[in-house]
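What follows draws every value from the coordinates through simple rules; no lab data is involved. These figures come from a predicted structure and were not determined experimentally. No Cβ is skipped: glycine too gets one built from the backbone with ideal geometry, and neighbour counts run over all protein chains shown.
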Amino acid sequence: MYLNKTLYATMLAAAMSLPASALMAADLTVGMNAEPSAIDPHYHNLGPNNAMAQNIFNRLIEQDDKQRLLPGLATSWKAIDDLTWEFKLRKGVKFHDGTPFTADDVIFTMERAVNVPNSPASFVTYIKGKTASKIDDYTIQFKTERPYPLMPQDISNVPIVSKKHGTGATTADYNSGKAAIGTGPFKFVKWVPGDVIELTKNADYWGDKTEWDNVTIKPIKSGPGRVAALLAGDVDFIDDVPPTDISRLKKEANIQLSQGISNRVIYLHMDQFREDSPFITANDGSKIKNPLLDNRVRLAISKAINRELIVERVMEGVAVPAGQLLPEGFFGVSPNMKPEKYDPAGAKKLLAEAGLPDGFKMTIHGPNDRYINDAKIAEAIAQMLTAIGIKTTPITMPKAVYFKRASRGGPDNSPEFSFVLVGWGSGTGEASSPLKSLLHTYDKAKGFGAANRGRHSNVEADKLIEEALATVDDKKRSDLLIKATELAVGQRLGIIPLHYQVNTWAARKGIVYKARTDERTTLHLVSSTK
Amino acid sequence: MSVFIIRRLMQAVLVVWIMSLLVFVGVNIVGDPVDMLINPEADQAEIERVIKELGLDRPIHEQYWFFVANALKGDLGNSFIFNQPALKLILQRMPATFELAIVSLLMAIVIGIPLGVYAGLKPDSKISKTVMATSILGFSLPSFWVGLMMIMVFAVMLGWLPSFGRGDTVPLFGIEVSFLTWDGLRHLFLPALNLALFNISLVIRLTRAGTREVVHQDYIKFARAKGLSQNRIIFVHLMKNIMIPVVTVLGLEFGGLIAFSVVTETIFSWPGMGKLIIDALQNLDRPVVVAYLMIIVVLFVVINLVVDILYSILDPRVRLQDLKG
């Protein structure tokens with residue numbers, strides 16, 4: 001027994017001394033939920049890949065923790081006229097192999113990023129309609145056919161690669177590290193898919209150097225697994241802490257949490273294009289004219305939802321009630337729009353005014369593995385609506401099945417459902433992104449309304465959105481976006497916002513990270529308090 | 001013997017073909033991988049481009065035909081997500097899964113058989129009763145829960161073992177293995193035990209039942225009467241006769257261990273095929289799912305074949321029967 005105790009004490013001491021020694025070597029081990037599908041920064045334009053690319057590559061313009069634009073490989077940028085943007089490039093920047101960064105690399109990047117073979121999601125979204133030309137080694141101009149104000153936002157999404165190493169390089173060459181040579185704060189060491197990604201410090205980085213000599217990234221998909229790995233001291237830092245573990249981690253003396261609101265709004269889309277909506281019937285099951293076409297009914301639904309309660313109970317306090325498309329502080333956000341107050345009496349009155357005093361029957365569809373607690377939110381909403389007379393049945397399904405049906409599961413690739421729960425994160429960090437994709441009339445030719453799963457359509461709002469997307473002046477554009485939001489969301493209820501997600505990171509004591517609105521884990525910004 | 005093997009092989013080809021049809025059609029009518037792949041901000045034109053590039057705009061019979069034609073050439077298609085051959089992705093992860101499955105199978109044998117024999121020989125002892133009672137837990141507790149509990153106890157609370165992942169690897173015949181390093185073994189222990197629990201219980205019960213039956217047989221009594229040592233009776237006469245059901249079940253279970261290591265691999269973030277398949281299913285990476293299921297089908301068929309052959313070695317009656325047949 002005595003022996004056992006000593007043994008245990010020794011082990012405990014050894015375990016406790018581990019983090020201290022790790023600190024001296026300045027190594028960081030990170031447990032992350034998602035793994036990128038490639039190291040090639042232009043292969044897959046999706047969250048995990050873009051987050052990983054940030055570590056190895058830079059962009060001309062970077063986004064800070066609130067998605068505000070910062071000089072990256074470009075020191076300044078401006079619109080010379082409505083159709084031309086000029087970028088001044090940073091001098092003295094070197095790639096990881098020592099070759100200098102020049103305008104040629106930017107021109108090369110713009111060509112490569114849209115031409116990666118078999119790319120499952122290409123950077124065409126950010127590059128189309130822009131022609132890059134080199135003025136001198138450190139000046140680039142982008143021309144557009146029509147005035148395009150989102151040039152800086154788009155460019156802040158495109159990682160710059162080296163022309164020397166990128167010419168002829170395939171995605172496999174990046175994955176092996178042969179071509180993965182960027183200007184970023186870390187150099188790529190190796191990637192064993194499903195097992196580990198290793199990075200090492202770029203000692204010649206042009207910006208603020210990272211304090212970590214070596215970073216090991218471990219993909220740990222299971223939420224409890226990530227938390228356990230952190231508690232066991234096997235990793236120093238994890239992302240995407242499951243809400244159920246947050247209160248427990250708060251009590252741990254050796255763990256520090258970092259929380260922040262995200263750019264992701266969870267909202268409801270309502271069928272606004274069919275007289276006869278497939279998942280809506282009268283109380284007796286007979287056909288009725290789609291009540292969601294009526295503004296009053298949509299407002300009644302919004303009033304019937306107790307957002308505070310959802311945040312408190314379903315989201316365990318880790319969310320913020322939403323009244324529009326993006327939280328305060330983002331570009332194009334209205335100062336006047338607050339979350340709709342919970343008012344069941346008012347909701348019932350509105351239903352009565354709309355000629356439906358006894359309500360109707362409806363199904364709410366939602367994913368069950370896409371957003372934080374998505375299935376539970378759908379269930380809560382169904383109950384709240386049932387309470388005012390709209391008998392709502394929740395049906396949730398895996399995202400792999402859900403999104404196809406919600407987007408184009410019906411006849412002629414129309415949305416299949418009547419009432420859906422969805423989320424939207426704004427990649428550009430401004431309201432134009434959700435306005436353009438969720439609320440503009442579905443228009444294939446123009447590429448607008450691609451994710452408008454309720455097919456809400458309002459000519460006036462369309463005009464405002466299109467005008468905003470052609471207004472280079474920031475102040476004017478912001479006003480237009482505010483007007484469009486107030487009209488499309490506030491008055492017309494094209495969508496019903498529920499809440500903004502809050503993301504949580506956790507680290508062992510001594511490591512700090514500032515939560516980002518874009519949900520990314522940017523490793524060189526992880527620091528130690530020492 | 002060869003007639004037996006040829007007949008088995010022909011059956012196997014039929015099974016593989018039917019499975020390919022079921023798997024391909026089954027996987028292809030569910031959902032749409034495009035929505036999992038594209039950036040949500042992509043416009044309609046980009047969505048259409050991806051659909052076309054992945055060949056998803058073609059009718060399903062055309063896609064199947066394409067798949068079979070390529071599969072016969074040994075190409076099971078490229079992963080939608082990684083743009084690498086699905087087969088290569090799976091083979092890359094295979095050593096990790098095999099290592100886990102083999103170690104857990106060994107655990108089942110090394111722990112299960114002695115305990116089972118003991119419980120069979122001394123059914124009334126307290127130890128035997130405890131072993132049997134515990135084996136019920138091994139059967140009935142869900143393995144994801146046991147896995148999480150193991151992590152909580154051994155990694156988080158006691159800090160004895162690492163909580164996730166695979167340890168240091170060294171190459172052995174060109175394959176990276178982790179069981180030859182200390183770090184690798186430490187990482188291997190918990191997931192292998194977690195995966196083995198069910199089989200340990202199974203082997204204990206099978207061995208015990210077999211022992212109870214065989215121990216009363218005349219030839220054991222005769223061996224005793226002849227004055228053979230207890231060890232010889234147990235290890236030669238008893239073991240040989242209780243092994244047939246154990247070998248059959250373990251053979252089948254080995255396929256199961258590989259196919260169903262999914263849960264354990266997910267909980268312990270073990271970089272094996274199971275984790276790959278879960279990600280592929282969630283993201284509808286159809287070529288990987290199809291290729292994986294095909295490999296598992298082939299694996300089961302091969303294991304069954306091996307078990308049949310082992311049978312005929314262990315039990316001459318099977319051989320003779322077949323000759324007559």
Where does each of A:V472, B:V23, B:V203 land when they are ranked from fewest to most other beta-carbon atoms within 10 angstrom? A:V472, B:V23, B:V203
Least to most buried among A:F417, B:F154, by other C-beta atoms within 10 Å and fewest first, runs B:F154, A:F417
Net lengthening on full extension, B:V25/B:L9 (0.36 nm per residue, minus Cα-Cα): 3.3 nm
At 222 nm, what value in deg cm²/dmol follows for chain A if DSSP H runs of at least 4 each add -39500 (n - 2.57) and the sum is divided by all its residues, to the nearest 500? -8000 deg cm²/dmol
Shape category assigned to the stretch A:468-530 from the gyration tensor of Cα positions, a/c cut at 1.5: oblate
Simple spin-label estimate for B:R58 and B:A225 in nanometres, 7 Å along Cα-Cβ: 7.4
Can you compute the modelled spin-label distance between B:D218 and B:I109, with each label point 7 Å from Cα toward Cβ, in nm? 3.3
Averaged over its residues, how many other protein chain Cβ atoms are within 10 Å of peptide B:43-54's Cβ atoms? 5
Give the separation of the Cα centroids, the stretch A:250-313 to the stretch A:175-206, in Å. 42
Checking the stretch A:165-221 for trypsin sites (Lys or Arg not before Pro) in a loop per DSSP with at most 14 other beta-carbon atoms within 10 Å yields A:K178, A:K209
Taking the 0 to 90 degree range and rounding to the nearest ten, how far is the long axis of helix B:239-259 tilted relative to the main principal axis of chain B, both from C-alpha atoms? 20
Modelled label reach - A:D474, point 7 Å along Cα→Cβ, the stretch A:128-160 residues with backbone N closer than 18 Å: A:148-157
What do you get for the angle between helix B:86-121 and the principal long axis of chain B? Use alpha-carbon atoms, 0 to 90 degrees, nearest ten. 20
Going by how many other Cβ atoms sit within 10 Å of their own, how do B:W270, A:W85 line up, fewest first? A:W85, B:W270
Quick calc, A:S286 & A:Q491: beta-carbon distance into FRET formula, R0 35 Å, rounding 0.05, result 0.65
Please identify which residues in the stretch B:247-262 have an amide N closer than 13 Å to a label point set 7 Å out from the Cα of B:L299, following the Cα→Cβ vector. B:252-262
FRET efficiency for B:E48 and B:L180 from the Cβ-Cβ distance with R0 = 30 Å, rounded to 0.05, comes out at 0.05
For the pair A:T529 and A:E467, what calculated FRET efficiency results from E = 1/(1 + (r/R0)^6), where r is the Cβ-Cβ distance and R0 = 35 Å, to the nearest 0.05? 0.15
What distance in nm separates the simple spin-label points at B:L137 and B:D75, each placed 7 Å from Cα in the Cβ direction? 5.4
Please determine, in degrees from 0 to 90 and to the nearest 10, the orientation of helix A:459-468 with respect to the longest principal axis defined by the Cα atoms of chain A, where the helix direction is its Cα long axis. 20
